[in-house]
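The values are calculated or read from the model by the stated rules, or taken from the named source; none is laboratory data. Since the model is a prediction, treat every value here as computed from it, not as a measurement. Note that each Cβ is placed from the backbone with ideal geometry, even for glycine, and that neighbours are counted across all protein chains shown.
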Amino acid sequence: MEKKMSQQELFTPISGQDNSYSVISFGCQMNNSDSEKISGILEQMGYNSTDDLEKAGVLIINTCCVRETAENKVYGLLGRLRKVKEKNPQLIIGVGGCMTQVEETARHIKKRYPYVNIVFGTGNLHQLPDMINKALVRKETLMEICRPESIPEGIPARRQGGLKAWIPVMYGCDNFCTYCIVPHVRGRERSRQPQDILKETRDLAEKGFKEITLLGQNVNSYGKDLGMKNGFGNLLTILNPIEGLLRIRFMTSHPRDFTDGLIEAIKNADKVCEHFHIPIQAGSNSILKKMNRGYDREYYLELINKIRQHIPAAAITSDIMVGFPGETERDFLDTMDILEKVRYDTAFTFVYNKRSGTPAERMADQIPDREKTRRIEILIKRQNQISLEINEGETGKAHQVLAEGMSKTNPEMVSGRTRTNKLVMFPGKEGNTGRTFAVKIKKGTLTYLEGEALPE
């Protein structure tokens, strides 16, 4: 029988082990949040962060499996790490995240890359100290993968920057879109208790954080599993008065759950920013039905109109997919029509690719890659034109901009964001970080705005 380690033992690196670590993260904001927790756990164990992989004692790769390209990047990285491991046999390599939550993938990593020490799932973060300590004294690859069901609270997080913070409010997804693997790797929807979210937000505000982003695969359904009505709207309402907090953002929203009650709550919460990421995915009703999205284009357009009626300054962004199985030219033109009717500030565009274990993988009428490429190029070109037109239309307007730091490309310019999440560059100094400025926009480009701070 194995000895159960005490809390002190779990958070103490074994003597002689290099006490530096590195975390490499792929994928969405939720993965970034998980990586902050992985870093927090490692630092509580006594490890220090390093960007030099050859000096690390522990290297954790937090993976994504939403798209094939993300998986290929992980496999490429694992292949390159063979030489790093040969130079430093004591290096502990751990692979976690959504990829490893798929049992077939986890076993493939264990077999194909035997120098990986730990393979763990999305629901096993809190077991990381125990796994690392075991890996230090064992040769074989350890696997710890459970179906995510509960939400461990109190896991430390190493936040980046001290200005903005991710706060997951729920995990998992109950929507089961036919192209998406997320419900299978993140589990069913599980909401955190509001008092835990409130405490975390207050603690961050007291530490000087000015902006939070509430995270979930579908934040709009927050609280349903707790028996709440208008749970997310009520959550925004109780977070809004927190002293020291300037801005509240959230993502991602499912159109089906973006209720009138939520719109009203946002309208009345002055710290909630006027930026809404509302994925349409496709503009064709027949494709939306095959995707199991739970709404049609008419509902979606009505929702956008409601938001803009109640919140006129709203910036709308979206995710748009082309090449879903069975998508005809007419279906594609319906998607292009949505671009014209909504006029997104920006859109994340991508081509459909098969995800093992999803219903769409087995659908007939898969679209040839050449046709997918043609459609995505047309879509991106038009969306870029719209984004540029919208940004050029900001010229002469004034925005409240939260300064986030100096520009990486121009040392004389401060970089910040508007409440509508537009990147703004304006002349300033290093000490301006964390302050809010009224900035008059002088120029709009495709990806950012240029302006000048108005006299205070």
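Which numbered condition trips up E153, out of (1) in contact (Cβ under 8 Å) with a residue 12 or more places away in the chain; (2) part of a loop (DSSP other than H, G, I, E, B); (3) more than 30 Å from E211 (Cα to Cα)?
The number of the failed condition is (3).
Output the residues belonging to region 221-255 that are within 22 Å of C173 (Cβ to Cβ), in contact (Cβ under 8 Å) with a residue 60 or more places away in the chain and of a type in the set (D, E, K, R).
R249 - this is the single residue of region 221-255 that is within 22 Å of C173 (Cβ to Cβ), in contact (Cβ under 8 Å) with a residue 60 or more places away in the chain and of a type in the set (D, E, K, R).
Among the residues that make up region 117-129, is at least one of them farther than 22 Å from G187 by Cβ and either of a type in the set (G, A, S) or surrounded by 22 or more Cβ atoms within 10 Å (Cβ to Cβ) (or both)?
Scanning region 117-129 turns up at least one residue that is farther than 22 Å from G187 by Cβ and either of a type in the set (G, A, S) or surrounded by 22 or more Cβ atoms within 10 Å (Cβ to Cβ) (or both).
Cβ-Cβ below 7 Å, separation at least six or inter-chain, first residue in region 51-75 and on the phi < 0 side of the Ramachandran plot, second among the basic types (K, R) and surrounded by fewer than 18 Cβ atoms within 10 Å (Cβ to Cβ): which pairs?
E54/K87
So that you can scan it fast, the table gives a plain yes or no per residue for (1) in a helix (DSSP H, G or I); (2) within 24 Å of the chain's Cα centre (by Cα); (3) not β-branched (V, I, T):
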site	(1), (2), (3)
D331	yes, no, yes
D337	yes, no, yes
F350	no, yes, yes
R355	no, yes, yes
D365	no, no, yes
R370	yes, no, yes
T373	yes, no, no
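Name every residue in region 401-412 that is surrounded by fewer than 17 Cβ atoms within 10 Å (Cβ to Cβ) and not hydroxyl-bearing (S, T, Y), in order of residue number.
G405, K408, N410, P411, E412
Taking the conditions exactly as written (buried (at least 17 other Cβ atoms within 10 Å of the Cβ) and assigned to a loop (DSSP other than H, G, I, E, B)), does R188 satisfy them or not? Before you say what the answer is, go through the steps one by one.
Details: buried (at least 17 other Cβ atoms within 10 Å of the Cβ): no; assigned to a loop (DSSP other than H, G, I, E, B): yes.
When the stated conditions are applied, R188 does not pass them.
Condition first: in a helix (DSSP H, G or I) and surrounded by fewer than 20 Cβ atoms within 10 Å (Cβ to Cβ). Now tell me which residues in region 256-296 satisfy that. First the steps, then the outcome.
At the first step, the residues of region 256-296 found to be in a helix (DSSP H, G or I) are 256-257, 260-268, 285-291.
Matches in region 256-296: R256, D257, D260, G261, I263, E264, A265, K267, N268, N285, S286, K289.
From T100, T105, grab the single residue that is within 17 Å of F26 (Cβ to Cβ), assigned by TED's automatic domain parsing to the domain that holds T63, hydroxyl-bearing (S, T, Y) and surrounded by 23 or more Cβ atoms within 10 Å (Cβ to Cβ).
T100
Does G416 qualify as being surrounded by 18 or more Cβ atoms within 10 Å (Cβ to Cβ), in a loop (DSSP other than H, G, I, E, B) and outside the structural domain of A269 (by TED's automatic domain parsing)?
Here the answer is no, as G416 does not meet what is asked.
Which of the residues spanning region 338-349 are of a type outside the set (V, I, T), closer than 20 Å to T373 by Cα and surrounded by 17 or more Cβ atoms within 10 Å (Cβ to Cβ)? Lay out the reasoning, then the answer.
As a first pass, look at region 338-349 and keep what is of a type outside the set (V, I, T): 339-341, 343-345, 347-348.
Right, trim to closer than 20 Å to T373 by Cα and you get 339, 347-348.
Selection gives L339, A347.
Can you name the number of the only condition in (1) within 19 Å of I38 (Cβ to Cβ); (2) among the acidic types (D, E); (3) without any contact (Cβ under 8 Å) to a residue 12 or more places away in the chain that D203 fails?
Among (1) within 19 Å of I38 (Cβ to Cβ); (2) among the acidic types (D, E); (3) without any contact (Cβ under 8 Å) to a residue 12 or more places away in the chain, the lone unmet condition for D203 is (1).
Give the residues of region 37-64 that are buried (at least 20 other Cβ atoms within 10 Å of the Cβ) and among the charged types (D, E, K, R), sorted by residue number.
Passing the criteria: only K37.
Only one of these conditions is not met by T122: (1) touching a Phe, Trp or Tyr at 6+ places or on another chain (Cβ under 9 Å); (2) assigned by TED's automatic domain parsing to the domain that holds M363. Which number is it?
(2)
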